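Input: a single structure, listed below in structure tokens.
Throughout, read-outs are computed from the coordinates displayed, never taken from laboratory work. Just so it is clear, the model here is predicted, and its values are computed rather than measured. Quick reminder, even Gly has a Cβ in these numbers, built from the backbone with ideal geometry, and neighbours come from all protein chains shown.
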Number of protein chains: 2
Amino acid sequence: MAKPEKHVFVCTQSRPLGHPRPSCGQKNCTEVAEEFFWHLQEKQLFEKVQITTTGCLGPCSEGPSVLVYPEGVMYGGVQKEDVVTIFDEHLQNDKPVARLQMSKEFWG
Amino acid sequence: MAKPEKHVFVCTQSRPLGHPRPSCGQKNCTEVAEEFFWHLQEKQLFEKVQITTTGCLGPCSEGPSVLVYPEGVMYGGVQKEDVVTIFDEHLQNDKPVARLQMSKEFWG
């Protein structure tokens with residue numbers, strides 16, 4: 001197994017209904033994670049990109065949260081439609097997607 | 001929330017009894033994750049270190065797997081007793097623990 005050039009961590013934390021803290025699980029993070037896995041398969045990037053689901057990444061109010069290492073770029077409010085852009089611009093061309101990056105207040 | 005200097009990902013993937021693929025869940029990974037959280041609290045390193053549990057990190061046969069970014073150092077066979085060493089040597093003094101690192105066959 002190769003150490004990936006880009007390792008994508010997708011928060012899939014859920015919390016019970018009525019919990020005072022929001023969660024990525026309330027905001028379609030599962031759909032976002034599935035879209036990452038789907039594009040990984042479709043683009044056959046297994047040697048370069050790894051996708052891993054996670055527990056809480058921290059900035060719950062700003063989710064769905066997606067974190068890319070080794071750069072440590074955190075994306076917030078990621079929707080299914082944004083995933084292809086993250087692949088095309090960041091994961092394949094090394095240009096993080098500025099409009100999706102979380103503000104420094106939450107990750108900086 | 002500060003971007004951490006060291007971000008530790010601890011696999012907590014479980015699989016059903018009898019599943020053909022091993023899992024970190026069969027090898028006390030939950031105890032390992034709890035030990036990371038405990039030392040984080042005890043050492044009050046919240047500004048520097050972040051701990052996140054994950055789904056499968058890949059090299060299931062070599063678990064419990066623990067991955068540290070931004071370096072991308074993967075540890076295998078991590079036991080509860082190893083966690084303080086990873087904190088003292090790697091997370092606080094930037095010297096990865098050679099004896100715990102996974103071989104290049106599994107992460108390289």
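Residues of the stretch A:35-59 that are in a loop (DSSP other than H, G, I, E, B) and in contact with a Ser or Thr (Cβ under 9 Å, 6 or more places away or on another chain): A:55, A:56, A:57, A:58, A:59. Taking the condition on the phi < 0 side of the Ramachandran plot, of a type in the set (A, V, I, L, M) and free of Cβ contacts under 8 Å to residues at least 24 places away in the same chain, does residue A:97 pass? Against the criterion (on the phi < 0 side of the Ramachandran plot, of a type in the set (A, V, I, L, M) and free of Cβ contacts under 8 Å to residues at least 24 places away in the same chain), residue A:97 qualifies. The listed residues are B:84, B:73, B:97, B:78, and the only one of them that is under 11 Å from the mean Cα position of the chain (by Cα) and more than 13 Å from every other protein chain (Cβ to nearest Cβ) turns out to be B:78. Residue B:65 meets all of the listed conditions (1) small (Gly, Ala, Ser); (2) surrounded by 20 or more Cβ atoms within 10 Å (Cβ to Cβ); (3) over 24 Å from residue A:72 (Cα atoms) but one, namely (3). Could you look through the stretch B:1-57, keep only residues that are over 18 Å from residue B:82 (Cβ atoms), surrounded by 15 or more Cβ atoms within 10 Å (Cβ to Cβ) and among the charged types (D, E, K, R), and pick out the one that is nearest to the other protein chains (Cβ to nearest Cβ)? Looking at the filtered set, the residue picked out is B:3. Taken together, B:68, B:32, B:78, B:83 contain a single residue that is within 20 Å of residue A:54 (Cβ to Cβ), assigned to a loop (DSSP other than H, G, I, E, B) and of a type outside the set (D, E, K, R), which is B:78.
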